[in-house]
Amino acid sequence: MKISRRPMIATILYGLMCGVVFIPVSVVLSYMISWPEAFRLTIWSYVALYGLLLTRWGKRNPISIVFPLLTLFIFVFWGNSTSAFLLLALGILSWIRSGICFRKPLVQMLGVELLVSIGGGALVTYCAPHSTLIWASGGASVAYLAPHSTLTWAMGIWLFFLVQSLYFVLTGDARSEEEKVKLDPFDEAKRQAERILSNGV
């Protein structure tokens with residue numbers, strides 16, 4: 001019997017978890033530090049945890065993502081622009097995913113990363129001013145989810161990771177390592193007996 005881990009499904013579930021805990025985590029952090037820093041620290045923690053998942057799926061040493069994550073962490077408390085931080089976070093995520101965990105040729109990496117990273121970021125931050133465009137392309141459900149409140153940011157984070165799951169479809173990395181699970185000897189004997197009885201062999 002084989003059990004396969006699916007990074008695509010895990011990414012969707014991870015995004016859902018991030019969206020659900022975004023409100024309590026960012027609100028609690030905002031009592032300790034300013035709101036922009038609390039928001040950036042929350043996003044940094046999501047990128048860091050997702051980076052650890054990516055290293056596991058890509059069979060890389062988690063130490064290999066320390067430098068990109070430290071670079072992003074510096075900008076949590078340094079700088080005033082949240083938009084610049086989010087763009088940097090997209091770049092760091094792309095670096096971790098396609099540059100460290102799932103190494104790809106440069107052209108393929110750029111194409112896929114532009115599609116999923118910039119596409120996911122645009123979906124979250126750019127959809128309200130252009131709601132008619134999104135409506136026309138079949139995105140009526142997300143047309144008014146521009147992140148102006150904590151609730152819409154939480155929804156936007158889930159949508160972002162939903163788009164990130166496409167990475168594994170576009171690159172063919174949805175098939176991860178398969179682990180063989182030892183069957184109980186009695187179950188194995190039962191299966192062999194059923195096979196003999198059904199085939200008459």
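FYI, it's all coordinate maths here, none of it is from the lab. Quantities reported herein were computed from a predicted structural model and do not represent experimental measurements. Glycine gets a Cβ as well: all are built from the backbone with ideal geometry, and neighbour counts include every protein chain shown.
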Which whole-Hz ³J(HN,Hα) couplings does the range 71-86 yield from phi under the Karplus relation 6.51 cos²θ - 1.76 cosθ + 1.60, θ = phi - 60°, glycine and proline marked x? 4, 5, 5, 4, 7, 5, 10, 10, x, 9, 8, 6, 4, 5, 4, 5
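Taking R0 as 25 Å, what FRET efficiency do you get between residue 27 and residue 61 from their Cβ-Cβ distance, rounded to the nearest 0.05?
Given R0 = 25 Å and the Cβ-Cβ separation, E is 0.10.
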